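Everything below concerns the one structure shown next.
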Amino acid sequence: MTDKDFYKKYGFSGIYEKTLAGERLSLEEGEQLFACPDPLVLGSLAHFLRRKIHGDDTTYVLNQQLNYTNICVNHCSFCSYHRAKGKNGAFLFSLEDVRAKILSQARQPITEIHCVGGCHPDLPLAFYEDMLKLFKELRPRATLKCFTAVEIEHFAKQEQISTAQVLCRLKAAGLDMMPGGGAEIFAPEIRKQICPQKISGQRWLDISQEAHEMGIKTNCTMLFGHLEERRHRLEHLDLLRRLQDRTGGFVCFIPLPFQTRNNSLKGIAPLSGIEELKTMAVSRLLLDNIPNIKSYWVMLGLKQAQAALFYGANDLDGTVVEEKIGHMAGADSPQILSRFELEGMIRGCGLNPVQRNGSFETVVSG
Ligand code: V47
Ligand code: SF4
């Protein structure tokens, strides 16, 4: 059977032709892909695209995550990480704590610091500026990928200045890039159930656009497997690619499967592994203008993260070192992976490991 006959059997001749020609798929075609009973059909189309862009190269980064506080004024129902100020388990790192955490990895040639936290009720913007300056002092060559659009809006409200002014001050203090968190699912009807106090999806997109226009690249995410339907995921992907058409500022997309434990969103069974892989594949197929798709091993688990490398993903994130958001919600992945383990995971799939920095530039190291 030829490729053409294989896709025709599932009514996918049109999607196959469009994928080969690099044409944009519609949301209806996305629905059709999700509905396909054979995940290998989606996988082969997504892997074809992944190989067209990246070949067998699979990137990873020597990075360190730092979650500086879990104190948060919001109470997103899917979040197991946040605590109200003064409650059991609430924590806030001082700048000295931050210094010690960074120095604990001094012997590792880390090239990305990924730093996010809750929306703390009373820290001034100067705290975040000082934290960035400290990162720069201790890790002058690392990409500082810090603070989501949600945090940026929160800092602006606290300081009573605009988000553009916040971004400008943080950039001057050393901010290189922003991580993709806080996007969740853009659909207002779902957002009002899972994160009613959080900025709207439109506001998240506007702040990302503002960052892009100031030369700050960002990532983007999608939290899936909670109350949303497939249609909401497709609409979310469409909004991301429309913004990307205008700015080109998204570097990488990260689909985040909902971790179900210890939060107030009760009674939701984890998605099947197949539905996770289908979501990965549909993301690769619809996001025709975002170059990288991350298989985030922390939330997918190590084996599923490897499988996702054949469903459109081309990046495995990195060493991480310490992660709280997924693990407090029940993620059973390790806290840290060594460079050796990451390379082994990639080679074990028959793919080619490539070390990158936070900006996805190749790192040549010994
Ligand atoms: O915004 C919170 C999500 C995000 C849960 O940019 C949950 O390279 C699953 O954005 N189950 C933070 N997800 C993590 C994030 C991220 C991770 C890795 C790399 C990058 C990047 C960004 O975690 C939050 C929220 O969407 N989250 N709770 C949960 N129970
Ligand atoms: Fe706060 Fe972020 Fe958790 Fe929402 S997801 S409660 S904003 S820490």
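For the chain, the carbon plus sulfur part of the accessible surface works out to 52%, probe radius 1.4 Å. Stretching GLU213 away from ARG242 to a fully extended chain increases their span by 8.9 nm, per 0.36 nm per residue minus the current alpha-carbon distance.
Between the Cα long axis of helix 125-138 and the first principal axis of the chain there is an angle of about 80°, rounded to the nearest 10.
Within straight-line reach of LYS192, meaning a Cα separation under 19 Å, sit the following lysines at least 8 residues removed in sequence or on another chain: LYS266. For the pair LYS266 and THR362 in one chain, pulling the backbone fully straight at 0.36 nm per residue adds 30.3 nm over the alpha carbon distance. Heavy-atom accessible area for TRP297, with the other protein chains in place and a 1.4 Å probe, reaches approximately 0 Å². Considering only GLY201, GLY22, GLY86, the Gaussian network model of the chain with Cα springs below 10 Å gives its largest mean-square fluctuation to GLY86. For the residue pairs LYS145/LYS294; LYS217/LYS324; LYS87/LYS145; LYS101/LYS198; LYS278/LYS324, the alpha carbons lie more than 18 Å apart in LYS217/LYS324; LYS87/LYS145; LYS101/LYS198; LYS278/LYS324. Accessible surface area normalised per residue over the chain is 40 Å², counting heavy atoms of protein chains with a 1.4 Å rolling probe.
Setting aside same-chain residues fewer than 8 positions from LYS9, which lysines have a Cα under 18 Å from its Cα? Straight-distance partners of LYS9: LYS18.
Angle of helix 39-54 to the longest C-alpha principal axis of the chain, folded into 0 to 90 degrees and rounded to 10: 70°.
With semi-axes defined as the square roots of five times the eigenvalues of the C-alpha gyration tensor, the equivalent ellipsoid of the chain measures 33, 23, 20 Å, largest first. Per residue, the Cα convex hull of the range 210-273 amounts to 108 Å³.
In a simple Cβ point-charge model (Lys, Arg +1; Asp, Glu -1; nothing else charged), the chain has a dipole of about 360 debye relative to its Cα centre.
The values are calculated or read from the model by the stated rules, or taken from the named source; none is laboratory data. Note that the structure is predicted; figures quoted are calculated from it, not measured. Here Cβ is always computed from backbone atoms with ideal geometry, including for glycine, and neighbour counts include all displayed protein chains. These area figures cover heavy atoms from the full protein model, side chains too; ligands, DNA and RNA do not enter into them. Shrake-Rupley method; radii C 1.70, N 1.55, O 1.52, S 1.80 Å.
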